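Undergrad: Here it is, the structure in full.
The values are calculated or read from the model by the stated rules, or taken from the named source; none is laboratory data. Since we're looking at a predicted model, the values are computed, not measured. Note that we place each Cβ from the backbone using ideal geometry, even for glycine, and neighbour counts take in every protein chain shown. Please note that ligands, DNA and RNA were not included when accessible areas were found on the heavy atoms of the full protein model with its side chains. Shrake-Rupley method; radii C 1.70, N 1.55, O 1.52, S 1.80 Å.
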Amino acid sequence: MSRLRLLIRLMAIQRVLVRHGLDELITATHLFRPFRWLLRLWPDTWNGDRKTGPRGERIREALQELGPIFVKFGQSLSTRQDLLPPDVGAELAKLQDQVPPFPAEQAREILERAYGRPPEEVFAEFTPDALAAASIAQVHAARLPTGEEVIVKVLRPGVRARIEQDIEVLYAIARLANRYWPEARRLRPVEVIEEYEKTCEAELDLMREAANCAQLRRNFKGSSQIYVPEIYWDYCNDRAMVQERIYGIPINQMDELRKAGTNIPKLAAHGVEIFFTQVFRDNFFHADMHPGNIFVDVTDPQNPRYAAVDFGIVGSLEDRDRRYLAENFIAFFDYDYHRVAQLHVDSGWVPEDTRVDELESAVRTVLEPIMNKPLKEISFGDVLMRLIQVARRFEMEVQPQLILLQKTLLQIEGLGRNIYRDLDIWETGRPVLKQWMSDQTGPAGSARRIARVLPDIRYT
């Protein structure tokens, strides 16, 4: 992006923030505080035509106007209602499933280009009005000629160009941080944006999303805990994706779930087990777990089953990172803070000259107050602040390859807090991890590793 285009986009963002009365929130941030005086010289700030509605509503409307990247940021924040002011949290939650759709006629035109004929000729039934709309795409209800109920997903017009433009803005801010912010070396903002860019590129590829869905469906075939819809490949291309339509109660409608007689403790425990299974057993996890993407099948309310949608963002880890994470979790579960500290040094996440005993003491101070406590007794706001202090003190570097997992873990914890506040995440996750580590270190794990390297050995 040229400097002129970047400047134009920054001006557009600034206008939106000023129009919604949010410019002061941004310039209060440490990184932007030195540029506060520039706003005083900006003509838009002299205009008295500012929105004066509730703060949360203004934030939500500004994010919607700014585009997909900002909406997704709001969606991620909305999963942590415990960390947000109530008015802001309630409004951001609307971004999960109440983003305004684009016109039905535009959707029909996209599908006609995708199939070479109108959608009414492709499907036995097609609903022009959107069933649901998100920041990057929207879905329409349809029925195949063979009778199956499906949803048809289409990307928003111009969404790719909009995202590429805003990614360049994020790069510009990251480079600015690299130059002027002392914490940048540790937080690695440019590398973080690089990882985020890969995520956005994947989400814009509908064929990749279809493949992700098919893989997750195989991984959980026959599962009593989660259902993943079927993909209809004959109707998929780079402009449209068609998958089985699922029915269920949205995960954030707790009153409806209770009215249906849902076994809430079992549902919450299943959520944690599914997360750890995806990350450690399958190394392939759904990484966009906001409530708009999660439903509950209560056909058998005493054995509720999740149903997931929207597979544009999935994650996987290097074997080395996955092993270190599993060992860290197990050390947490076993109160082995010395092991946690040593693993951070061994993995290179802190400088190699870090004193393990000092890091052990700091980790104990953060974790001991929350171990074996239900979610309702844990203040994750306090925990996050303490972790940030520890990270800064020991020069702990951000691991960009783990950001997607960290975001997903925060979303899962937020969902768990909303579903069942008596849930003990540690006790629920421990058996899954212990079993995975046993499989990795036992005879079966050794045999799998040998099988992977055997072809290379034969041809050397």
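Undergrad: What shape does the range 308-416 have by the C-alpha gyration tensor, where a ≥ b ≥ c are the square roots of the eigenvalues, rounded means a/c under 1.5, and otherwise prolate means a/b greater than b/c and oblate the rest?
TA: Values: a/c = 1.78, a/b = 1.22, b/c = 1.46.
Note, shape of the range 308-416 comes out oblate.
Undergrad: What size of dipole, in debye to the nearest 20, comes out for the range 180-292 about its Cα centre when the only charges are +1 on Lys and Arg C-beta atoms and -1 on Asp and Glu C-beta atoms?
TA: 500
Undergrad: Among DSSP bridges having both ends in the chain, what percentage is antiparallel? Round to the nearest 5.
TA: So the antiparallel bridges amount to about 95 percent of the total.
Undergrad: Can you sort L204, L410 by 1.4 Å-probe accessible area, starting with the largest?
TA: L410, L204
Undergrad: If you don't mind, there's one more thing I want to ask. Excluding the sites themselves, what is the longest stretch of the chain that contains no trypsin sites (Lys or Arg not before Pro) in a DSSP loop with at most 16 other C-beta atoms within 10 Å?
TA: Working: sites that count: R50, K51, K221, R239, R355, R421.
My reading of the result: 52-220 is the longest stretch.
Undergrad: So, one more: How many percent of all Cα-Cα pairs in the range 114-162 sit more than 13 Å apart?
TA: Everything past 13 Å amounts to 60 percent.
Undergrad: What fraction of the Cα pairs in the range 48-179, stated in percent, has a spacing above 25 angstrom?
TA: In whole percent, the share of Cα-Cα pairs in the range 48-179 beyond 25 Å is 43.
Undergrad: Working with all protein chains in place, sort S316, S76 by solvent-accessible area computed with a 1.4 Å probe, largest first.
TA: Putting S316, S76 in descending order of accessible area: S316, S76.
Undergrad: Among residues other than M371 whose Cβ falls under 12 Å from its Cβ, what is the net charge (Lys/Arg +1, Asp/Glu -1)?
TA: Taking every other residue near M371 into account, the sum is -3.
Undergrad: Taking only protein heavy atoms into account and a 1.4 Å probe, give the accessible area per residue of the chain in Å². Provide the component values of the computation, followed by the final result.
TA: Details: 23010 Å² over 460 residues.
With the other protein chains kept in place, the chain gives 50 Å² per residue.
Undergrad: Of Q225, A137, I403, whose Cα points farthest to the positive end of the dipole of the chain (charges on the beta-carbon: +1 Lys, Arg; -1 Asp, Glu; origin at the Cα centre)?
TA: Going by the charge dipole, the pick is I403.
Undergrad: So which lysines can K434 reach, going by Cα to Cα under 22 Å and dropping same-chain residues fewer than 8 places off?
TA: K266, K373
Undergrad: Assign one of three labels to the range 183-239, namely rounded, prolate or oblate, based on the Cα gyration tensor with a ≥ b ≥ c the square roots of its eigenvalues; rounded applies when a/c is under 1.5, prolate when it is not and a/b is larger than b/c, and oblate otherwise.
TA: The shape class here is oblate.
Undergrad: Roughly how many percent of the accessible protein surface of the chain is carbon and sulfur, given a 1.4 Å probe and a whole-percent answer?
TA: 54
Undergrad: Run the numbers on the range 166-289 and let me know its relative contact order in percent, using alpha-carbon pairs under 8 Å that are six or more apart.
TA: Working: 78 pairs, mean separation 18.1, N = 124.
After rounding, I find 15 percent.
Undergrad: What three numbers, in Å, describe the spread of the alpha carbons of the range 107-250 along their principal axes, ordered from the longest?
TA: 61, 40, 26
Undergrad: Find out how many positive minus negative residues lie around I246, taking Lys and Arg as positive, Asp and Glu as negative, among other residues whose Cβ is under 11 Å from that of I246.
TA: Net charge in that neighbourhood comes out at -2.
Undergrad: All other residues with a Cβ under 9 Å from the Cβ of V398 taken together, and with Lys, Arg as +1 and Asp, Glu as -1, what is their net charge?
TA: Details: positive: R186, R188; negative: E191, E397.
Around V398, the charge tally is 0.
Undergrad: Could you work out, for the chain, what percent of all Cα-Cα pairs fall into each 20 Å distance bin, beginning at 0 Å and stopping at the bin that holds the largest distance?
TA: Cα pair-distance distribution for the chain, in percent: 21, 54, 24, 1.
Undergrad: Once you treat every alpha carbon in the range 214-256 as an equal point and sum by Debye, what is log10 I(q)/I(0) at q = 0.20, 0.33, 0.34 Å⁻¹?
TA: Ignoring solvent entirely, the Cα scatterers give -0.79, -1.12, -1.14.
Undergrad: So which DSSP H runs in the chain come out at 30 Å plus along the axis (Cα) with average Kyte-Doolittle of at least -1.0?
TA: Long hydrophobic helices here: 159-180.
Undergrad: Taking a threshold of 26 Å on the Cα-Cα distance, which of the pairs K94/K221; K198/K221; K72/K153 fall above it?
TA: K94/K221; K198/K221
Undergrad: Can you tell me the dipole magnitude for the chain around its Cα centre, using point charges on the Cβ only (Lys, Arg +1; Asp, Glu -1), in Debye to the nearest 20?
TA: The calculated dipole for the chain is roughly 800 debye.
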